[in-house]
Amino acid sequence: MATYLEFIQQNEERDGVRFSWNVWPSSRLEATRMVVPLACLLTPLKERLDLPPVQYEPVLCSRQTCKAVLSPLCQVDYHAKLWACNFCFQRNQFPPAYAGISEINQPAELMPQFSTIEYIVQRGSPTPLIFLYVVDTCLEEEDLQALKESLQMSLSLLPPEALVGLITFGRMVQVHELSCEGISKSYVFRGTKDLTAKQIQDMLGLTRPVVPVQQGRPLQPQEQPPISSRFLQPVHKIDMNLTDLLGELQRDPWPVTQGKRPLRSTGVALSIAVGLLEGTFPNTGARIMLFTGGPPTQGPGMVVGDELKTPIRSWHDIEKDNARFMKKATKHYETLANRTAANGHCIDIYACALDQTGLLEMKCCANLTGGHMMMGDSFNTSLFKQTFQRVFSKDFNGEFRMAFGATLEVKTSRELKISGAIGPCVSLNAKGPCVSENELGIGGTCQWKICSLDPSSTLAIYFEVVNQHNAPIPQGGRGAVQFVTQYQHSNTQRRIRVTTIARNWADAQSQLQHIEAAFDQEAAAVLMARLGVYRAESEEGPDVLRWLDRQLIRLCQKFGQYNKDDPNSFRLSDSFSLYPQFMFHLRRSPFLQVFNNSPDESSYYRHHFARQDLTQSLIMIQPILYSYSFSGPPEPVLLDSSSILADRILLMDTFFQIVIYHGETIAQWQKAGYQDMPEYENFKHLLQAPLDDAQEILQTRFPMPRYVNTEHGSSQARFLLSKVNPSQTHNNLYAWGQESGSPILTDDVSLQVFMDHLKKLAVSSAS
Amino acid sequence: MLGCDVAMAELYVKPGNKERGWNDPPQFSYGLQIQCGGPKRPPLTRRVPGPAAGAPQALTPANSAPPAVPAALASKPVGLPPLAVVSPALRPDAAKQVVSLAEEECEVKVEDVLAPLNETLSMCRNTVQKQVCDDISRRLAVFRELWLQGKLSAPVRKRMNILVQEVQRQHWDVADEIHRSLMVDHVNEVSQWMVGIKRLIAEARNLPPGDLVVNDEQGAGAQPAEEAL
């Protein structure tokens with residue numbers, strides 16, 4: 001039904017929400033038979049240029065255990081100035097300021113088009129943003145110089161009132177005291193010994209706040225520590241001195257002998273950074289930005305020893321339980337990450353090196369706090385410089401896209417409970433009537449904390465239908481969910497964004513076709529993929545694939561139309577037709593296949609997958625492929641070896657790479673120089689067209705993707721060849737008859753074979 | 001917004017650093033990165049539905065003779081591309097302007113650029129800390145040295161000239177944006193001294209109105225700082 005596609009799209013544009021099912025099965029039993037759980041992707045701060053925030057506090061339900069926000073779903077008695085909460089049915093009095101409302105004079109939050117609305121609330125005095133640079137000095141000269149310049153440049157991008165600090169590390173860790181006069185001082189710590197937060201604060205001479213600050217509660221004016229601390233100073237005061245200080249940074253002076261790695265104390269450096277902020281600025285927006293050029297080799301959190309002959313752990317080592325430092329290092333960074341999240345701060349990791357840097361062990365620092373993870377080859381590359389610049393990109397109002405200290409609370413109507421969330425967040429352990437005992441992802445709570453987020457940050461939230469089979473749903477009954485996100489805007493205002501949505505219940509026995517028609521296969525694919533990747537972090541790879549396959553088979557058994565034991569009769573309706581393809585590509589993706597990737601690379605890909613919005617996530621699962629030819633405008637083509645033709649140029653977007661591939665004939669024409677001849681000007685245009693389109697993507701994506709410009713027969717063509725469905729391989733080359741496209745040298749299963757097996761299993765009466 | 005004004009910002013794309021990262025993406029200038037307007041193409045996110053589940057596999061017919069033999073084709077004639085008879089039916093687009101970097105000539109003299117800056121600095125000396133003013137002065141001297149030694153490229157000199165004119169007109173936001181674009185696009189040339197210019201703009205814009213003697217072509221009177229949009 002075309003109308004559901006529109007419905008889905010309109011809802012996403014307005015509310016930033018995509019549900020796997022848009023008509024909900026009305027009983028617990030039926031919901032489990034749907035195979036794909038009832039779940040949604042939520043982009044809490046989706047950019048809404050048409051949504052001006054309102055400058056007052058939201059009206060809340062007065063029941064202490066509810067406190068839902070007034071929304072268009074609430075029944076209103078304008079005469080008596082009462083409203084009924086749609087979640088708990090409590091009747092509430094409107095506040096005095098609402099005395100003038102009526103049917104024709106509604107406040108914004110009651111209007112249907114404001115199902116998503118943003119409030120600006122004044123709570124205490126605004127606190128500035130904080131940026132603490134933690135810089136590895138064990139870099140090559142060229143890299144260190146490039147990094148220094150990027151950091152100096154960033155001082156021009158930071159807001160003048162923001163606080164900035166600097167910690168450098170190598171064998172030792174140096175905390176730089178920023179002052180405007182006299183000789184620059186620093187406090188030096190040994191890189192081998194971890195310290196508690198208190199020890200760090202004592203050694204740095206910091207006074208602890210007298211009143212212990214509760215997490216989530218903003219500081220009252222009288223509790224605030226003095227804004228200016230010796231180690232964190234406002235940019236407008238310290239920029240000249242800090243520019244000089246950065247300019248004078250030297251490589252770590254400790255000599256590195258032949259056959260050794262530099263001694264790098266990343267674990268202690270991060271620990272000190274976390275402790276410093278904990279003691280001075282808890283519960284305010286802060287980024288700890290770690291810049292590292294190699295693995296930690298010393299102290300707590302070390303990932304590999306300093307002997308080059310012992311390589312850093314590979315997946316093979318991990319499988320054979322041969323990664324000596326992994327468990328201890330991961331635990332060290334997990335503890336730091338949890339503390340950082342509790343303090344409302346985030347940790348970014350910018351790792352540039354030719355070998356691994358320990359992203360596997362350190363990934364929780366970015367994943368739990370919402371911080372960025374960037375992986376490159378060198379700081380002297382456009383990949384790093386542009387990605388880093390884009391951290392400070394601004395929106396149409398000239399304000400940073402980053403937001404801090406968000407708490408997300410989810411409320412459901414009583415037929416639903418919350419199983420959990422998957423995304424860049426931590427649990428706030430908030431129990432309540434909405435919380436389900438069956439956990440999926442980060443569960444056992446209806447509130448999560450996202451310490452850093454931007455307009456594309458997306459959480460997956462999983463629900464459970466708890467309505468009993470024999471409990472009737474009233475005709476036209478709807479279930480409702482409310483998402484309340486409180487956060488600190490980059491302009492330091494505190495804001496609350498409220499999204500309230502409802503969907504119809506339907507009896508699965510008699511109205512399955514409605515439920516089927518309202519299935520969102522794209523959202524479902526991403527939601528199942530997030531579950532799969534979440535499981536892959538703790539389970540064995542083959543188990544996850546088996547689980548994914550089983551779910552796919554069950555889904556096809558439930559919703560396919562077929563005659564038993566007749567695979568050729570199998571059909572799927574339109575709303576399911578792309579789903580098996582998504583699952584096929586997901587199984588081959590770097591999120592579930594660790595072969596050919598280092599543990600760091602897998603961690604990097606998974607990090608980005610767990611936080612992107614639906615469109616980008618789908619690109620990661622099944623890359624986009626466009627074909628350019630003389631016969632018309634560029635068109636999307638199947639991600640299939642049959643699309644690789646001699647006279648075509650292909651543009652592939654995997655999210656992490658942009659690949660431009662010249663077919664064999666195109667490449668030959670280019671070598672012959674036809675593009676320089678005026679009579680073949682259209683060939684010149686043809687060559688340019690994909691470059692222009694690629695540029696469009698490269699100009700805005702965060703993080704900056706790699707750029708591969710390759711051709712038939714070139715080694716870099718492997719980026720394309722490994723992604724396309726290998727419908728033609730060296731095994732079946734002569735079985736096809738008419739050949740088209742390029743055969744791929746692989747033993748991987750093709751989509752055709754996959755679908756054949758799937759159909760056989762789905763229709764089998766033995767399953 | 002500033003990105004759309006060619007005079008204020010450079011718009012260029014440079015290739016990435018292939019020596020350090022062999023698939024390093026191209027580098028966009030600051031002006032291109034903050035561009036808000038410009039023709040927006042529809043995003044490339046469409047997919048072709050695969051073979052419908054259950055339908056027989058349909059092969060797309062090859063357009064050209066399928067080159068089944070991957071032999072050395074250099075010796076084999078491969079045919080010519082089609083002639084440019086009609087305008088190509090490709091996506092209409094506005095090609096990004098590529099400003100040639102090195103070939104621009106810059107006739108500006110360093111003293112013409114420095115004089116207004118030093119003047120602005122002396123206006124600040126009443127209210128701003130001596131140490132800060134001395135620091136700015138020191139960096140202006142470094143700037144002058146580098147200019148005279150020919151170590152500053154033409155785009156940098158040219159844009160500094162524009163920046164200084166905006167400072168004279170008290171267009172603080174515009175001047176600030178130019179400083180930012182220079183820091184992003186030419187950090188290795190400007191990092192030592194640009195922070196002094198940045199500070200000078202920040203301090204000058206906060207001066208009490210009496211201190212700032214207007215020195216612009218548009219007329220007398222202490223006008224409030226114009227914010228260009």
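Remarks
- Buried on assembly, region B:169-190 (at least 50 Å² less accessible surface than by itself, 1.4 Å probe): B:ARG180, B:MET183, B:VAL184
- Average 1/r across all pairs of distinct alpha carbons in region A:260-320, invert it, and you get the Kirkwood radius: 13.5 Å.
- In the protein assembly as shown, Rg over Rh equals 0.97, where Rg is the alpha-carbon radius of gyration and Rh the Kirkwood radius from pairwise Cα distances.
- The distance between label points at A:SER125 and A:THR257 comes to 5.7 nm (points 7 Å beyond Cα on the Cα→Cβ vector).
- Cut-off of 10 Å, at most 10 other beta carbons, DSSP loop: longest stretch of chain A lacking such GluC sites (Glu not before Pro): A:438-767
- Peptide A:240-249 - average C-beta neighbours from other chains (10 Å radius): 3
- Around the Cα centre of the protein assembly as shown, unit charges on the Cβ atoms of Lys, Arg, Asp and Glu (plus for the first two, minus for the last two) sum to a dipole of about 2820 debye.
- Per-residue surface analysis assigns B:LEU83 an accessible area of about 100 Å², computed on protein heavy atoms at 1.4 Å probe radius.
- Mean per-residue shielding of peptide A:694-700 is 6, counting Cβ atoms of other chains within 10 Å of each Cβ.
- Note on region A:456-528: the alpha carbon radius of gyration divided by the globular reference 2.2 N^0.38 Å gives 1.49.
- Here region A:260-380 has 54 percent of its accessible surface on carbon and sulfur atoms, given a 1.4 Å probe and all protein chains in place.
- Flagged links, alpha-carbon separation over 21 Å, of A:LYS148/A:LYS237; A:LYS237/B:LYS198; B:LYS130/B:LYS198; A:LYS148/A:LYS331: A:LYS148/A:LYS331
- Rg over Rh [alpha-carbon atoms, Kirkwood Rh] for region A:287-370: 0.98
- Rounded, prolate or oblate (a/c below 1.5 giving rounded, otherwise prolate when a/b exceeds b/c) for region A:136-185 by Cα gyration tensor: oblate
- In the B-A interface, the accessible area buried, summed over both sides, Å² (probe 1.4 Å): 7200 Å²
- Gap separating the Cα centres of region A:647-717 and region A:81-119, nearest whole Å: 55 Å
- If you take all other residues with their beta carbon under 14 Å from the beta carbon of B:ASN17, and give Lys and Arg +1 and Asp and Glu -1, the sum is -2.
- Here, region A:516-629 is characterised by an Rg to Rh ratio of 1.01, where Rg is the alpha-carbon radius of gyration and Rh the Kirkwood radius.
- Heavy-atom surface of region A:372-460, accessible at 1.4 Å and reported per residue (Å²): 29 Å²
- Considering helices alone, the calculated mean residue ellipticity of chain A at 222 nm is -9000 deg cm²/dmol, with DSSP H runs of length four and up weighted by -39500 (n - 2.57) and normalised per residue.
- A:SER510 contributes about 70 Å² of solvent-accessible surface, heavy atoms of the protein only, 1.4 Å probe.
- Förster radius 35 Å - calculated FRET efficiency between A:ALA517 and A:ASP50 (Cβ-Cβ, nearest 0.05): 0.75
- When region A:512-561 is reduced to its Cα atoms, the Kirkwood hydrodynamic radius in Å: 12.0 Å
- Accessible surface area normalised per residue over region A:282-325 is 42 Å², counting heavy atoms of protein chains with a 1.4 Å rolling probe.
- Burial annotation for region A:743-766: residues with an accessible-area loss of at least 20 Å² between the isolated chain and the complete set of protein chains, computed on heavy atoms with a 1.4 Å probe, are A:GLN752, A:LYS759.
- Under 13 Å, Cβ to Cβ, from A:CYS66 - net charge with Lys/Arg +1 and Asp/Glu -1: +4
- B:GLN149 sits among other residues whose Cβ lies under 14 Å from its own Cβ, and their net charge, with Lys and Arg +1 and Asp and Glu -1, is +1.
- Region A:1-103, relative contact order [Cα under 8 Å, separation at least 6], %: 16 percent
- Cα-based shape type of region A:657-724, given that a ≥ b ≥ c are square roots of the gyration tensor eigenvalues and the cut on a/c is 1.5: oblate
- Residues in region A:656-678 occluded by at least 10 Å² - accessible area, probe radius 1.4 Å, against chain by itself: A:GLU664, A:THR665, A:GLN668, A:TRP669, A:TYR674
- Per-residue accessible area (protein heavy atoms, 1.4 Å probe) orders A:TYR626, A:TYR534 as A:TYR534, A:TYR626, starting from the largest.
- Rounded percent of accessible protein surface that carbon and sulfur make up, region A:1-92, 1.4 Å probe: 53 percent
- Note on A:HIS469: accessible area is roughly 100 Å² with a 1.4 Å probe, heavy atoms of protein only.
- Residues in region A:63-195 average 44 Å² of solvent-accessible surface per residue, probe 1.4 Å, ligands and nucleic acids excluded.
- Relative contact order for chain A: 14 percent, from Cα pairs under 8 Å spaced at least 6 residues apart, divided by residue count.
The values are calculated or read from the model by the stated rules, or taken from the named source; none is laboratory data. All figures in this text were calculated on a predicted structure; none of them were measured in a lab. Quick reminder, even Gly has a Cβ in these numbers, built from the backbone with ideal geometry, and neighbours come from all protein chains shown. Just so you know, the surface numbers come from the protein's heavy atoms only, side chains and all, with ligands and any DNA or RNA stripped out. Shrake-Rupley method; radii C 1.70, N 1.55, O 1.52, S 1.80 Å.
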